[in-house]
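The values are calculated or read from the model by the stated rules, or taken from the named source; none is laboratory data. These figures come from a predicted structure and were not determined experimentally. Neighbour counts run over all protein chains shown; Cβ positions are idealised from the backbone, glycine included.
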Amino acid sequence: MIREIFSFRCSDNADDEIMHDEHARKLLEPYDKWFEQYNFEYTKDYVYKRRYDDNNDYMQTWYRMFMETSNEDLLILFKLRWI
């Protein structure tokens with residue numbers, strides 16, 4: 001199951017990708033701490049996936065971060081805490 005964690009508006013300039021990734025890393029810190037607290041392991045229990053979306057109606061680009069997991073326990077706890 002894939003769940004969107006957050007999204008933010010960003011530039012569509014490929015040179016800014018490093019700044020977008022750095023901003024996303026900062027936004028992921030609370031999630032990383034939470035996963036670690038409950039002993040979930042990255043790549044074993046969950047993975048992050050990112051995607052750029054262009055909204056042509058408003059000429060905006062969005063950076064979207066998702067969490068993917070097949071671990072039902074993790075998914076239930078995640079929903080209870082973050083959604």
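Okay, residues lined up against (1) polar (S, T, N, Q); (2) at pLDDT 95 or above:
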position: Ala24; (1), (2): no, yes
position: Glu29; (1), (2): no, yes
position: Asp32; (1), (2): no, yes
position: Asn55; (1), (2): yes, no
position: Tyr58; (1), (2): no, no
position: Phe66; (1), (2): no, yes
position: Phe78; (1), (2): no, no
position: Trp82; (1), (2): no, no
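Out of the residues in segment 36-52 that are touching a residue at least 24 places away in the same chain (Cβ under 8 Å) and either within 13 Å of the chain's Cα centre (by Cα) or surrounded by fewer than 12 Cβ atoms within 10 Å (Cβ to Cβ) (or both), state the one that is nearest to Leu75 (Cα to Cα).
Top of the filtered list is Tyr46.
Collect the residues in segment 1-28 that are outside any helix (DSSP H, G or I) and not basic (Lys, Arg), keeping them in residue-number order. Before the answer, list the steps.
Keep residues of segment 1-28 that are outside any helix (DSSP H, G or I), which gives 1-13.
Met1, Ile2, Glu4, Ile5, Phe6, Ser7, Phe8, Cys10, Ser11, Asp12, Asn13 - these are the residues of segment 1-28 that are outside any helix (DSSP H, G or I) and not basic (Lys, Arg).
Could you list all residues from segment 29-76 that are over 22 Å from Cys10 (Cβ atoms), part of a helix (DSSP H, G or I) and out of contact with any helix residue (DSSP H, G or I) (no Cβ under 9 Å at 6 or more places or on another chain)? Outline the logic, then answer.
From segment 29-76, those over 22 Å from Cys10 (Cβ atoms) are 33-46, 69-76; that's our starting set.
Remaining after also requiring part of a helix (DSSP H, G or I): 33-37, 72-76.
Within segment 29-76, Lys33, Glu36, Gln37, Glu72, Asp73, Leu75, Ile76 meet the criteria.
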